[in-house]
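Just below is one structure, and these are the notes that go with it.
Laboratory data are not the source of any read-out in this text; all were calculated from the coordinates shown. Just so you know, these numbers come straight off a predicted model, no measurement behind them. Methodologically, a virtual Cβ is constructed for each residue, glycine included, from the backbone with ideal geometry; neighbour enumeration extends over all protein chains shown.
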Amino acid sequence: MTMPFHELVHVVQWSRLGVERFLLAYGFGLIRFGYYHGPLEEMAYALERDFERGAVPQELVGVIEGRTDAVWNQAAPVVLAGRNQRLSLSRFCAREPRKAEMTMAPRQPH
Ligand SMILES: [Zn+2]
């Protein structure tokens, strides 16, 4: 029964952040810390261990939401900066379509 508990932690994280922010925060953790040490996974594994010991924190949903907010606050400056760079690139492509096309076109063989 521990696997469903672990997944339920992710359900609360997901509903707290919404689809886009959950995926951004999850991907940030995966890339920066690896699977087991991504903060959303660490939280799920830590609470799973608490559950196995019969020591789940009171106000569990509120605890998960609070920790999830902290994870997002850590990830947001990095992932949102990355997104803004992509937005600038698409603005550049709209303003300078010819240059963008030349930049992005594959090299022709000589
Ligand atoms: Zn997990």
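Fewest first, what order do 69, 50 take by the number of other Cβ atoms within 10 Å? The partial results should precede the final answer.
On the way: 69 12, 50 15.
Least to most surrounded, the residues fall as 69, 50.
In sequence order, what are the phi-derived ³J(HN,Hα) couplings for segment 67-74 according to the Karplus relation 6.51 cos²θ - 1.76 cosθ + 1.60 with θ = phi - 60°, rounded to whole Hz, with x for glycine and proline?
Karplus values, whole Hz, x for Gly and Pro: 5, 5, 4, 5, 4, 4, 4, 6.
What does the charge dipole of segment 2-75 about its Cα centre add up to, to the nearest 20 debye, if the Cβ of each Lys and Arg holds +1 and the Cβ of each Asp and Glu holds -1?
160
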